[in-house]
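Step one of this worksheet: look at the structure below.
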Amino acid sequence: MSRVFMKGCEAIAEAAVRAGCRFFAGYPITPQNEIPEYFSRRMPEVGGVFVQGESEVASISMVYGAGCAGTRAMTSSSSCGIALKSEGISYCAGARIPMVYCNVARGGPGVGSIQPAQMDYLQATKASGNGGFQMLVFAPSTVQEAVDLTYAAFDYADRDRNPVLILADGVIGTMMESVELPPMRSDEEIAAIKDSKKKWTALGHRLGEHVDIEPGFWSTLDQQKWNEEAAALYLSWEKDLQWEEYCVEDAELVIASYGISARIAKSAVNLLRREGLKVGLIRPITVNPFPYKAFDRIDYSKCKAVLDVEMSIPAQFVKDVSVAVKDRCPIETCLCSGGNIMSRDDILAACKKILEA
Amino acid sequence: MEELVYTRTKAVFENAVSGFCPGCMHSTVAKLIGEVLEELDILDKAVCVKGIGCCGLQSNYFAFDNITAAHGRACAAATGIKRTNPASLVFTYQGDGDLASIGLAETVSAANRGENFSVIFINNGIYGMTGGQMAPTTLVGMKASTAPWGRKPEEHGYPIHVCELLNELTAPYYLERTSCNNPTNVRKTKKAIKKAFQNQLDGKGFSLVEIVTGCPTNWGTDALGSLDFIEEKMLPEFPLGVIRDKSKED
Amino acid sequence: MAKVVIVAERCKSCGYCVKFCPNQVLAIGKQVNSKGYEVVESVKPEECTGCTICGQMCPDGAIDVYR
């Protein structure tokens, strides 16, 4: 482990390199620009490949190609750029091509704003493309967590042969923090990973052992069979659920939040607890699969409400929260959007209003 | 006892009787590609990136590694493969809709970057698989399911000449347009494909072979009729020949 | 003596081989294959020189040529 002071975007890129990512293609879009920029300097140092694609659309297909040929590959973008990549991501899912991508989310919809937001939640967790495929989606709330999740994402992607999304945001992407960097995978390890995929990757094979990678089927029966296998894979992710519970046991008010909003909310919980107010926090780290069962640990006999804190208007994350709460208590919201960053004071005010009501 | 002097290349599946229509030259080109791969002894290094359209049916024909890229993105996917696996012999196989319409940016950009892979571009002036819509290379006056009264320049613009377009770029190494409408042109097509693949093996950069073919079904004619249409209408619009060959300057 | 052998299942009756055979050795026959295409036949086998033009022109490799 080595401790360094790094910007979120660059730390995410370095984590990917250390995880064995040796192909990155991306396109400029604020606020994720430092990811491609970092890769453009770093990849030559590790014998990897960086390409600035002519568009996000091309970049994701370059990653698809590299993934089809067994290389750990990554792309990144922000909100509207992610929308452009959704077809390519669907192809990766459809053809079972492992890859990792990062959305450094910003205000939306459309061009929206270039400042940070959490307005791609439903896009990220429910429908990142066509055909109903799903992905493991991780939402870091610190630069350290972004590093750790990105590093692990490549293993998940290879394990499942499926794309994995790191759902960050403009705050995490552009803030600097000290981070412990994970160990660098050796070239031998990376070569072994690529070699382990030789049976199904398109590198060239002898006659009789040829590989044909198709993101779909001519036969409807084959396509349905594939869908059924994929559905089983998605169910299996129950074991990969990750969330943080903070002061929930005796909580009279539980904040539900993810990513940077949850981090701000956590400092609010600490302040409120010092004032004797029993507030807790549930922070999903995997936002797909969503940790619904985490909300079963709330003592609804004591808990007056769940407060959804997110940087999205209209609220999106709240939909999963309400599925989890199952009407066992009211759900309130504390929202901002458009690039405005969640303010702790707003959270404090919202909590007090609920608790004193 | 006679000796077998011609048979279909083993690079095409033995039992391949694909969905191509009678007279369609996709399968002709599949044979030529296979023959070249055998002759260069690179069958076990070949990776084809197919576009979407009739070109995609080649998965029924190609007995070597191939993938399907998103519509128009074959040159991007090929970039990803070739750059991470320079030892593979990578080529895209695309129709005119895939390469010159939705994929024009990817094609021009890959050519402009001088990517060291080869492009086999099948130009039959129409969208085949989806049922005869107008393509970027549809001729003026030619009817299509989305140009019911024929292509009109004032509304639909003019046919795109991909080789000439790419000839404006500095990086591309070899650009040739051929056809498969007669034995001489079939042999020239094979020679061009071989040259394109050899360029790649020699690390010379981007090569593209544009092959003018027919589409009997969507041209509303039959196989032999499509040969006439190629001769009389397609080739005057898309003149055959070498548009660029930097090996001449080497 | 040069000859051609038709791989009947691959023939799609497109007629390219018939058109380009220098000696009109081939013609569309009456036999149909499983797809219903009338399969080409060698009607003047003695005229065949084994030049392989038919084989090269055939989109589906339905003609093997011996010489």
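What does the net charge come to around residue A:251 if you take all other residues with beta carbon closer than 12 Å to its beta carbon, with K and R at +1 and D and E at -1?
Residues near residue A:251 contribute 0 overall.
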(request) Within 10 Å of each Cβ in peptide C:7-15, how many partner chain Cβ atoms are there on average? Round it to a whole number, please. (result) 5
(request) Take peptides B:162-168, C:61-67 and line them up by average Cβ neighbours within 10 Å, highest first, as a rough protection proxy. (result) C:61-67, B:162-168
(request) Tabulate in residue order the Karplus-calculated ³J(HN,Hα) for region B:196-208, using 6.51 cos²θ - 1.76 cosθ + 1.60 with θ = phi - 60°, rounded to whole Hz; enter x for Gly and Pro. (result) 4, 5, 5, 3, 5, 4, 8, x, 7, x, 6, 10, 9
(message) Taking R0 as 45 Å, what FRET efficiency do you get between residue A:299 and residue A:155 from their Cβ-Cβ distance, rounded to the nearest 0.05?
(response) 0.80
(message) Once R0 is set to 56 Å, what does the formula 1/(1 + (r/R0)^6) return for the Cβ-Cβ distance between residue B:228 and residue A:199, expressed as a FRET efficiency to the nearest 0.05?
(response) 0.70
(message) Rounded to the nearest 20 debye, what is the charge dipole size of region A:201-357 about its Cα centre when +1 sits on each Lys and Arg Cβ and -1 on each Asp and Glu Cβ?
(response) 660 debye
(message) From the helices alone, meaning DSSP H stretches of at least four residues, give me the mean residue ellipticity at 222 nm for the protein assembly as shown, per-run term -39500 (n - 2.57), in deg cm²/dmol to the nearest 500.
(response) -10000 deg cm²/dmol
(message) For a test of the definition: using alpha carbon positions, the gyration tensor, and the 1.5 limit on a/c, classify region A:3-239 as rounded, prolate or oblate.
(response) oblate
(message) Skipping prolines and chain starts, which residues have an amide H placed within reach, meaning under 5 Å, of the one on residue B:243, given they are 5 or more residues away or on another chain?
(response) B:175, B:176, B:177
(request) State the Kirkwood hydrodynamic radius of the protein assembly as shown in Å, one decimal place, computed from all pairs of distinct Cα atoms. (result) 27.2 Å
(message) Using only the alpha-carbon atoms, how far is helix A:344-356 inclined from the longest principal axis of chain A? Give it as 0 to 90 degrees, nearest 10.
(response) 50 degrees
(request) Would you work out which of A:218, A:340, A:270 lies farthest towards the positive end of the dipole of the protein assembly as shown, given +1 charges on the beta-carbon of Lys and Arg and -1 on that of Asp and Glu, about the Cα centre? (result) A:218
(message) What's the total accessible area buried between chains A and B, using a 1.4 Å probe, rounded to the nearest 100 Å²?
(response) 2600 Å²
(message) Take residue A:5 and residue C:1, extend 7 Å from each Cα along the Cα→Cβ direction, and tell me the distance between the two endpoints in nm.
(response) 9.4 nm
(request) Calculate what fraction, in whole %, of the accessible area of chain C sits on carbon and sulfur atoms when a 1.4 Å probe is rolled over the protein chains. (result) 54 percent
(request) Run the dipole for the protein assembly as shown about the Cα centre, Lys and Arg Cβ at +1, Asp and Glu Cβ at -1, nothing else charged, and hand back the magnitude in debye, nearest 20. (result) 120 debye
(message) I want the local charge near residue A:341. Using Cβ-Cβ distances under 14 Å, sum +1 for each Lys or Arg and -1 for each Asp or Glu among the other residues.
(response) -1
(request) Considering only protein heavy atoms, with the full assembly of protein chains and a 1.4 angstrom probe, order C:10, A:274 by accessible area, largest first. (result) A:274, C:10
(message) What does the structure give for B:180-193 when I average, per residue, the other chain Cβ atoms found within 10 Å of the residue Cβ?
(response) 2
(request) Take every Cα pair under 8 Å in chain B that's 6+ residues apart, average their separations, divide by the length, and report that relative contact order as a whole percent. (result) 19 percent
(request) Please list A:32-40, A:124-132, A:292-300 highest first by mean number of surrounding beta-carbon atoms within 10 Å per residue. (result) A:32-40, A:124-132, A:292-300
(request) Count, for each residue of A:64-77, the Cβ atoms from other chains sitting within 10 Å of its Cβ, then give me the mean as a whole number. (result) 5
(request) Quick one: which residues, 5+ away or cross-chain, put their amide H under 5 Å from the amide H of residue B:213? H built at 1.01 Å from N. (result) B:123, B:124
(request) Return one number: the angle in degrees, 0 to 90 and rounded to the nearest 10, between the long axis of the Cα atoms of helix A:187-196 and the longest principal axis of the Cα atoms of chain A. (result) 80 degrees
(message) List, by residue number, every residue in region B:92-136 with a reduction of 30 Å² or greater in accessible area between the chain on its own and the complete protein assembly, 1.4 Å probe.
(response) B:106, B:113
(message) Rolling a 1.4 Å sphere over the protein heavy atoms, what is the accessible area per residue of region C:3-66, to the nearest Å²?
(response) 43 Å²
(request) Please name whichever of B:161, A:21, B:185 sits farthest to the positive end of the charge dipole of the protein assembly as shown, dipole taken about the Cα centre and charges placed at Cβ: Lys and Arg +1, Asp and Glu -1. (result) B:185
(request) Please work out the average accessible area per residue across chain A, using the 1.4 Å probe convention, and give it in Å². (result) 38 Å²
(message) For the ranges A:302-308, A:18-24, what's the packing order if you count other beta-carbon atoms within 10 Å of each residue, average per peptide, and put the highest first?
(response) A:18-24, A:302-308
(request) Give the Cα extents of chain B along the principal axes, in whole Å, largest first. (result) 52, 48, 33
(message) From the Cα trace of chain C, what convex hull volume per residue do you get, rounded to a whole Å³?
(response) 65 Å³
(request) Just add up the charged neighbours of residue B:115: K/R +1, D/E -1, any other residue whose Cβ is under 11 Å from the Cβ of residue B:115. (result) +2
(request) Quick one: how many lysine pairs does region C:3-66 have with C-alpha atoms less than 18 Å apart and a gap of 8 or more or different chains? Give me the count, please. (result) 7
(request) Enter the accessible area per residue of region B:26-248 (Å², integer; probe 1.4 Å; all protein chains in place). (result) 31 Å²
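Only four residue types carry charge here, +1 at the Cβ of Lys and Arg and -1 at the Cβ of Asp and Glu. Report the dipole size of region B:209-250 about the Cα centre in Debye, rounded to the nearest 20. Don't jump to the answer; show the numbers that get you there.
Working: 4 positive and 9 negative charges, 25 e Å.
The calculated dipole for region B:209-250 is roughly 120 debye.
Could you compute how much accessible area chains B and C hide from each other, both sides summed, with a 1.4 Å probe? Nearest 100 Å² is fine.
Answer for the B-C pair: about 2400 Å² buried.
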(message) To test your reading of the geometry: what angle, between 0 and 90 degrees and rounded to tens, separates the Cα axis of helix A:56-68 from the longest principal axis of chain A?
(response) 60 degrees
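The values are calculated or read from the model by the stated rules, or taken from the named source; none is laboratory data. Keep in mind it's a predicted model, so treat the numbers as computed, not measured. Positions of Cβ are generated from backbone atoms using ideal geometry, with glycine treated the same way; all protein chains shown enter the neighbour counts. Note: accessible area is taken over every heavy atom of the protein model, side chains too, but ligands, DNA and RNA are not part of it. Shrake-Rupley method; radii C 1.70, N 1.55, O 1.52, S 1.80 Å.
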